[in-house]
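S.K.: Here you go, one structure.
The values are calculated or read from the model by the stated rules, or taken from the named source; none is laboratory data. All figures in this text were calculated on a predicted structure; none of them were measured in a lab. Every residue, glycine among them, receives a Cβ derived from its backbone with ideal geometry; neighbour counts consider all protein chains shown. Surface areas here come from the heavy atoms of the whole protein model, side chains and all, with no ligands, DNA or RNA. Shrake-Rupley method; radii C 1.70, N 1.55, O 1.52, S 1.80 Å.
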Amino acid sequence: MRTTAGGWTTRRVTSVVVGAFLALIALTVVGVGGTAVYYASKDDGYIDLGTSKYAHRTDTYAMTSESWRADKELGGLYDDLRITFEPDRDSDAVFIGLADKQQMRQYLDGVQHVTIHDSSDKGDTESKHPGGTPKTEPAQADGWIAKASGEGAQTLDWPVKAGDVTAVAMRADGSRGPSGHVTVAAKIGWLPWIGAASLVAGLLLLVGSVLLIVRPLRRARGRAA
């Protein structure tokens, strides 16, 4: 084994380099684990899917999303979905509902409403559907797989299942002009376990990397002395 100045050998140099590389990996894993644990403990484990910052307004009777297959388009990662409709005025009575594609079509058949395709800081990209007033107040209609109605912000929870679903936001009495923020959040049931496992693995790896760095340093100093 070749010895360099100050008691450094090729093996000791290699150990320090490998230890430093593993330490970077360990810190990354610890960071991922800590982030997972943080989100798992915040808001009952629900993660905002980036929808809360956009405001939605219409002069029609309802605002709907495009239909989507929740179990597929959410990547199969999420166990539960939470949708909150927060009206612009806390005193407004509002309704938020989730139904399968066909049921939503039946309820909104002949009702003037908009379908929101995309949202940005500049507003919504939407399609307007002609029609009149709803025949039934939304909370009294049949066919909802999840719903919430009342004064102020309303939240529905839905265990994700297979099938095409559509969300709708309305005034509780079915009148014109629902407006406010709609937040879609989802929960990954196994996120706490992944976070905890990542933290433990990262810390163990960090301890090992520190040993790979510290031991050669001590031996090199002893040899130099």
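S.K.: Under 5 Å between amide hydrogens, which residues at least 5 positions from SER52 or on another chain qualify, with H placed 1.01 Å from N in the peptide plane?
M.R.: Result for SER52 returns VAL184.
S.K.: Oh, and also: Each label point is 7 Å from the Cα along the Cα-to-Cβ direction; what then is the distance between the points at ALA196 and HIS129, in nm?
M.R.: 4.5 nm
S.K.: At 0.36 nm per residue, minus the direct Cα-Cα distance, what do LEU211 and VAL13 gain on full extension? Give it in nm, one decimal, please.
M.R.: Values: separation 198, 0.36 × 198 = 71.28 nm, distance 1.33 nm.
The span from LEU211 to VAL13 would gain 70.0 nm if fully extended.
S.K.: Please list, in order along segment 167-173, the HN-Hα scalar couplings obtained from phi with the Karplus expression 6.51 cos²θ - 1.76 cosθ + 1.60 (θ = phi - 60°), rounded to whole Hz, x for Gly and Pro.
M.R.: Listing the rounded values in order: 9, 9, 10, 8, 6, 4, 8 Hz.
S.K.: Restricting to Cα pairs below 8 Å that are 6+ residues apart, what does the relative contact order work out to for the chain? Please round to a whole percent. Kindly include the intermediate steps, with their values, before the conclusion.
M.R.: On the way: 473 pairs, mean separation 89.4, N = 225.
Normalised by residue count, the contact order of the chain is 40 percent.
S.K.: Separate question: Within the chain, what's the longest run with no trypsin sites (Lys or Arg not before Pro) in a DSSP loop and at most 16 other beta-carbon atoms within 10 Å? Give the range, please.
M.R.: Values: sites that count: ARG2, LYS42, LYS53, ARG89, LYS122, LYS135, LYS161, ARG176.
Value returned for the longest uninterrupted segment is 177-225.
S.K.: Here is a further query. Taking only protein heavy atoms and a 1.4 Å probe, what accessible area per residue, in Å², does the chain have with all protein chains in place? Write out the running numbers ahead of the final one.
M.R.: Details: 12760 Å² over 225 residues.
Averaged over the residues of the chain, the accessible area is 57 Å².
S.K.: Given an 8 Å cut-off on Cα distances and at least 6 residues of separation, report the relative contact order of segment 71-176 as a percent.
M.R.: 44 percent
S.K.: Taking only C-alpha pairs under 8 Å that are 6+ residues apart, what is the relative contact order of segment 109-222 in percent?
M.R.: Working: 72 pairs, mean separation 17.3, N = 114.
The normalised contact order for segment 109-222 reaches 15 percent.
S.K.: Would you give the gap between the C-alpha center of segment 49-63 and the C-alpha center of segment 86-155, rounded to a whole Å?
M.R.: First find each Cα centre; the distance between them is then 10 Å.
S.K.: Can you send over the carbon and sulfur percentage of the accessible area for the chain, probe radius 1.4 Å, protein chains only? Please report the intermediate quantities before stating the final value.
M.R.: Numbers: 6910 of 12760 Å².
Of the solvent-accessible surface of the chain, carbon and sulfur hold 54 percent.
S.K.: Turning to a different aspect of this structure: In the structure displayed, which of LYS101/LYS135; LYS128/LYS187; LYS42/LYS147; LYS147/LYS187; LYS42/LYS128; LYS53/LYS135 lie more than 29 Å apart, Cα to Cα? Each step should come with its number before you reach the end.
M.R.: Working: LYS101/LYS135 19 Å; LYS128/LYS187 32 Å; LYS42/LYS147 23 Å; LYS147/LYS187 18 Å; LYS42/LYS128 37 Å; LYS53/LYS135 32 Å.
Checking Cα-Cα distances, LYS128/LYS187; LYS42/LYS128; LYS53/LYS135 exceed 29 Å.
S.K.: With +1 on each Lys and Arg Cβ and -1 on each Asp and Glu Cβ, how big is the dipole of the chain about its Cα centre, in debye rounded to the nearest 20? Write out the running numbers ahead of the final one.
M.R.: Working: 25 positive and 25 negative charges, 493 e Å.
In debye, rounded to 20, the chain gives about 2360.
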